Amino acid sequence: MAAPVTQSPAELSLWWNTLPPELLTPIGSPLPGDTTADIAIVGAGYTGLWTAYYLLKSDPALRVAIVEANYAGFGASGRNGGWASALFPAGLNALARASSRSDAVRMNRAMFETVAEIGKVATAQAWDIEWEQGGTVVLARTPLQLESARAEIADYRSWGFGEDDYALLNANEAKARVNATDVLGATFTPHCAAINPARLVRNLARTVVSMGAKLYEETPVTAIEPGVLRTGSGSVRAEVIVRATEGYTPSLAGEKRTLAPVYSLMLATEPLSDYL
């Protein structure tokens, strides 16, 4: 994986820049040499940290080691758009073609539950992640967009989803949520929350370490082999290895074509007025 960066965490994004000092304090340390674990996880983003969280919650005696090239939350987990959403990049029909109709519905409902679970864990752990589950509103401002919105909701109904999951708003209902101009209607789903992603990932990392996980930061993994992780400062041997590198996967040996990293750019503005 890529070498550690020397950039200050506070310079990574708006989210990092607004973190309180206690969340900027280093959580882990570099791997000091060879070690062993029951489960070794490569990557300290959401995928790796949530995996460690639920493993240790299931069995607190597990020896879990997390190896991170930079520091917990360095990648997309700490600098994304700031929402936890159940919206999926593939439609239900595409999911059904890949598996089955019932699996597509279960996948969609699992996404609903996942959003809610983040909020529940944050509350239980007393994390201040600026959680606000206000849902997703997609405005229709032309007749064609309104027709598309109606068709979208009708399609969800055909899959068995009711008003509580996906709703069609009229013009007044839509404007009550977003005071935009020329609004004819909107679609609405409650399964989305605004969050501060850096607060979430840093709190999650601190909690996982408090549960007993070993977090080795500034330790790039050079190779993943059966039962062992190779790094420049030692090896981690484990019966189970979890590759949680996500967008950084192509930087691993032999994985260049496994995933195609995609990124987007975010702009931050001053907070909008209550009028909007």
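Counted as qualifying within the stretch 145-196 are the strands (runs of 3 or more DSSP E) with 1 or more residues that are within 30 Å of P20 (Cα to Cα) and either at pLDDT 95 or above or among the polar types (S, T, N, Q) (or both), namely 192-194.
Looking at T222, T258, T207, T245 in this structure, which one is surrounded by fewer than 16 Cβ atoms within 10 Å (Cβ to Cβ), polar (S, T, N, Q) and touching a residue at least 12 places away in the same chain (Cβ under 8 Å)? Criteria check complete, one pass: T222. Is it the case that the stretch 123-138 has a residue that's over 14 Å from A186 (Cβ atoms), of a type in the set (V, I, T), surrounded by 16 or more Cβ atoms within 10 Å (Cβ to Cβ) and at pLDDT 95 or above? The answer is yes; a qualifying residue exists.
Give the residue, chosen from A213, A198, that is touching a residue at least 12 places away in the same chain (Cβ under 8 Å), in contact with a Gly (Cβ under 7 Å, 6 or more places away or on another chain), hydrophobic (A, V, I, L, M, F, W, C) and surrounded by 22 or more Cβ atoms within 10 Å (Cβ to Cβ).
Values: A213 fails: in contact with a Gly (Cβ under 7 Å, 6 or more places away or on another chain).
Of A213, A198, the one residue that is touching a residue at least 12 places away in the same chain (Cβ under 8 Å), in contact with a Gly (Cβ under 7 Å, 6 or more places away or on another chain), hydrophobic (A, V, I, L, M, F, W, C) and surrounded by 22 or more Cβ atoms within 10 Å (Cβ to Cβ) is A198.
Could you tell me whether S8 is farther than 26 Å from V236 by Cβ, of a type in the set (G, A, S) and surrounded by fewer than 22 Cβ atoms within 10 Å (Cβ to Cβ)? Criteria met by S8. Taking the criterion of being outside any strand (DSSP E or B), more than 13 Å from D34 (Cα to Cα) and β-branched (V, I, T), the residues of the stretch 216-262 that qualify are T245, T249, T258, V262. Given the condition touching a residue at least 60 places away in the same chain (Cβ under 8 Å), touching an Asp or Glu at 6+ places or on another chain (Cβ under 8 Å) and among the hydroxyl-bearing types (S, T, Y), answer yes or no: does some residue in the stretch 37-48 qualify? Yes; the residues of the stretch 37-48 include at least one that is touching a residue at least 60 places away in the same chain (Cβ under 8 Å), touching an Asp or Glu at 6+ places or on another chain (Cβ under 8 Å) and among the hydroxyl-bearing types (S, T, Y). For the stretch 142-180, a tally of residues being more than 24 Å from F112 (Cβ to Cβ) and either in contact (Cβ under 8 Å) with a residue 40 or more places away in the chain or within 29 Å of the chain's Cα centre (by Cα) (or both) returns 4.
The values are calculated or read from the model by the stated rules, or taken from the named source; none is laboratory data. No experiment lies behind these values; they were computed from the predicted model shown. Cβ sites come from the backbone with ideal geometry, for glycine too, and all protein chains shown count toward neighbours.
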